[in-house]
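Have a look at the structure below, then the notes.
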Amino acid sequence: MESALNAIFEVLSFGAIIVLVVLGLGIIASMMGIFNFAHGEFVLLGAFTTYLVYKSGLPVWVGMLAAPVVLGAIGLALERTVIRRFYAAPIVAMLGTYALGLVIRETVRGLIGGLYLSIPEPVVGSYVVGGVQLSKWRLMIILITALVMTASYLLLTRTAFGLRVRAALENPALARASGISTDTIYAATFAFGAALAGLAGALVVPIFSLFADLGIRFLIQGFLAVMLGGIGTFEGPVAGAGVIGILSAALPWAVTPVLADVLVFVIAIVIVKLRPGGLINARRV
Amino acid sequence: VRQDNRQPLAMTRRQFLASAAWMSGAVATGVGSWIVPARWANAAEGPIKVGIATDLTGAIGFAGNANANIAKMVVKDINDAGGVLGRPLELHIEDTASNESVAVANVRKLIQRDKVDVVLGGITSSMRNAIKDVIVTRGKTLYIYPQLYEGKECTPYLFCTGPTPAQQCDEFIPWLMKNGGRRFALPSANYVWPHVLNAYARQVIEKNGGEVIFEEYYPLDQIEYSATVNKIMTNNVDVVFNTVIPPGVGPFFKQLYEAGFGKRGGRLSCVYYDENTLNINAPYEMEGLASCLDYFRAVDASDPFSAKLQSEYEKEFPGSVLFCAGSAATGMYRGLKLWEAAVKEAGKLDRDSVAAALDHAKIAEGPGGPAEMVPGKRHCKMQMYTAVAKSGKYEIVARSNGLVDPKEC
């Protein structure tokens, strides 16, 4: 019983981490139609920002607040200079963002000397509930993920800005004719996605420590999640991320870890085969 | 995806040719080759060429740079003291880039272009296996491998100067049983070193009356260990003999700490943990972690030569690239000095003469103490130390009684 409760908590918390990481990736993929291969490195930069702020002597949570702002700015700058040139060619966009990610990753590797650095959690320790240890920080991540997810959903479905974003996605020409600046909308959406990545990086870095390859693992899982969930909706990638996160944390409880790693992919591919449009295949947000 | 009035990226043939030419030029001239010439010369015979092939870039760049640094320092000291056989040493450093296919091409440069007299380097076992053939078989050159590893490397002309499983387990595991308990868990990354080391460790554990509760392997990039931690906690494991590597090891130790493994008296141990890996976790998460290596900084207090070496290194290379044992830097020092002793004894540089002398070479001083090759075994006897992490620093809790035998080949 204790063990089962413990398992549920750990699996949920890892699911939340993957959802948090994939959120920004999914929004950019769904709303802009380009797959951002530098997303993992945006997560890394969020973690790196937190580290820099923490190292300068400020509390960790200041760094965590700063990370989404910094990443939003970086995302905006990159969109204005690089990403906007890729909209016409999604395949080139994948290669281009991959190259961007490579540059970011290797630069960060140089800056931290290729080492693994620990960053403390803002809240240390764990609650003991019925003999089960619940890490406070993992609990926080579950809560923050739920909050951010709800807020992003409301922003995209219930506000005027969200309406413009969806309009720019569904019919850019008509949106432009109606006086919506698709340029501005794309820039804002990309910056928003990057900010979410920054937040994700800042929140998970105390758990995984800071290292240059932090983003790669998440990129592959994120890509899988978006494929699984389906592009074009907000819920799709989030649902996909939930499935991938929970599968990859739950399977090692049941089968050999080395097998579990492969099984996640096999199951995901089978689902994509059965539902080629993704788990949630809707034309609206 | 959507209509847009921008043109896709267009590239003319001329532009393509220009960039292709630039790229191939960059590749051909060899990014990642460094030569450190001596400050003086022997006009008659020229310098002796020492090749270093190590991971200056990529995932384990932090370790490779320490190897290159210590090699520069040792070679400079040898040259300042008059060189070897009246000739100065010239250092040729190639980047193996934490990538075996890049490495093979670069090491070939050392052999074919630079015609070095000896090659030292390689950190991971997969790297050693990738480059040893280029150096030893086809290159007909002497190769010295400096890293702690799983043993069983018995190729002629290949000498190992890092610790073997026997050196890291024979005294360490009984210590763990006395200071932890009898029930062991062996969580491991799924590659050759943990598999072979665990097979040896299991023997030692069982011979001493201990018990292996589970031995489990994980993908190298796994970063979520809740299932493992749960197994450790519910089976009342006393000692975690860890061979999970970064990036997984940080989150793993953190989850173990959060589950209360240390609090209920569990002993964490990891035989590659040195000063470089102290930063992966917060000090309280790895309090009590035990490691067994040929050198720790804490040895400096009792061994003046190690202290002198460490301070000389820090003066020359201040910053984050540390001189420590887990990343092969101490093995690199030992390898160079043993080779120097061998060349001096042989009086010439051909491979067979140097190998014959290196077979029984000794050094009276080194990081952690003296070292000597075991004749016929191409492995190195050395002092071993057991250290425990306390508040983010190691304290020496046990040391070997004299030099420990590698028990290889």
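Every read-out reported here was derived from the displayed coordinates using simple, explicitly stated rules and does not represent laboratory data. Small disclaimer: the values here were computed from a predicted structure and weren't measured. Cβ coordinates were reconstructed from backbone atoms using ideal geometry, including for glycine residues, and neighbour counts include every protein chain displayed.
Shown for chain B: cysteine residues without a partner Cβ closer than 4.7 Å, namely B:Cys160, B:Cys169, B:Cys270, B:Cys292, B:Cys324, B:Cys380. Charges were assigned to the Cβ only: +1 to each Lys and Arg, -1 to each Asp and Glu. The resulting dipole of chain A about its Cα centre is roughly 660 debye. How much net charge surrounds B:Gly209 when only other residues with a Cβ under 14 Å from its Cβ are counted (Lys, Arg +1; Asp, Glu -1)? Within the 14 Å Cβ shell, the charges total +2.
Averaged over peptide B:215-226, the number of partner chain Cβ atoms lying within 10 Å of each residue's Cβ comes to 6.
For chain A, the spherically averaged projection of the C-alpha convex hull amounts to 15.6 nm². In the elastic network of chain A, a GNM with C-alpha springs shorter than 10 Å, the most mobile of A:Ile83, A:Ile220, A:Ile244 is A:Ile220. All C-alpha to C-alpha distances of the stretch A:125-193, sorted into 10 Å bins beginning at zero, yield P(r) values of 18, 33, 19, 14, 11, 5, 0 percent in whole numbers. Taking B:Cys160, B:Cys270, B:Cys292 in turn, the Gaussian network model of chain B (Cα-Cα springs below 10 Å) assigns the largest fluctuation to B:Cys270.
Rounded to the nearest 10 degrees, the angle from helix A:235-254 to the longest Cα principal axis of chain A is 20 degrees.
An oblate overall shape is assigned to chain B, the ratio a/c of its alpha-carbon gyration tensor axes (a ≥ b ≥ c) being 1.5 or greater and a/b not exceeding b/c. Calculate the length of the line joining the C-alpha centroid of the stretch B:300-375 to that of the stretch B:103-122, in whole Å. Here the answer is 20 Å between Cα centres. Judged by the gyration tensor of its Cα atoms, with axes a ≥ b ≥ c, the stretch B:150-301 is rounded; a/c sits under the 1.5 cut. Modelled this way, with points 7 Å down the Cα-to-C-beta line, the labels at A:Ile144 and A:Val82 are 2.5 nm from one another. Cross-link partners of B:Lys344 among aspartates and glutamates, defined as those whose alpha carbon lies under 18 angstrom from its own and excluding same-chain residues fewer than eight positions apart: B:Glu45, B:Asp77, B:Asp80, B:Glu90, B:Asp117, B:Asp352, B:Asp359, B:Glu365, B:Glu372. The mean of 1/r over all distinct Cα pairs in the protein assembly as shown, once inverted, gives the Kirkwood hydrodynamic radius of 27.2 Å. To the nearest ten degrees, helix A:60-81 and the longest principal axis of the Cα atoms of chain A are 30 degrees apart.
Run through every distinct alpha carbon pair of the stretch B:50-162 and return the Kirkwood hydrodynamic radius in angstroms, one decimal place. Value: 14.0 Å, from the Cα pair sum.
Take peptides B:42-49, B:201-208 and line them up by average Cβ neighbours within 10 Å, highest first, as a rough protection proxy.
The peptides rank, most packed first, as B:201-208, B:42-49.
Compared with the dominant principal axis of the Cα atoms in chain A, helix A:39-55 is inclined by about 60°.
Straight-line reach from A:Lys55: taking Cα to Cα under 16 Å and skipping same-chain neighbours fewer than 8 places apart, the aspartates and glutamates in range are A:Glu121. Highest mean packing comes first when the peptides B:50-59, A:59-68 are listed by Cβ atoms within 10 Å, giving B:50-59, A:59-68. In units of the rule-of-thumb radius 2.2 N^0.38 Å, the stretch A:143-285 shows an alpha carbon radius of gyration of 1.19.
Lysine pairs in the stretch B:139-270 whose alpha-carbon atoms fall under 22 angstrom of each other, counting only those eight or more residues apart or on distinct chains, come to 7. Label positions at B:Glu314 and A:Leu5, each projected 7 Å from the Cα along the C-beta direction, are separated by 4.9 nm.
Charge tally around B:Val75: other residues with Cβ under 10 Å, Lys/Arg +1 each, Asp/Glu -1 each, net -2.
Projecting the alpha carbon convex hull of the stretch A:232-285 along each direction and taking the average yields 3.6 nm².
Its DSSP H runs of at least 4 residues, each contributing -39,500 (n - 2.57), put the calculated 222 nm mean residue ellipticity of chain B at -10500 deg cm²/dmol, to the nearest 500. Ordering A:Leu169, B:Leu176, A:Leu155 from the fewest to the most neighbouring beta carbons within 10 Å gives A:Leu155, A:Leu169, B:Leu176. Counting, for every residue in B:357-363, the Cβ atoms of other protein chains within 10 Å of its Cβ and taking the mean gives 0. Report the Cα centroid-to-centroid distance between the stretch A:158-174 and the stretch B:143-221 in angstrom, as an integer. Measuring centre to centre over Cα atoms gives 60 Å. Between the listed residues B:Gly210, B:Tyr191, B:Val249, the Cα displaced farthest toward the positive end of the dipole of the stretch B:168-270, a dipole computed from Cβ unit charges relative to the Cα centre, is found at B:Gly210. Between A:Ser126, A:Ser118, A:Ser56, the GNM of chain A built on Cα springs shorter than 10 angstrom shows A:Ser56 fluctuating the most.
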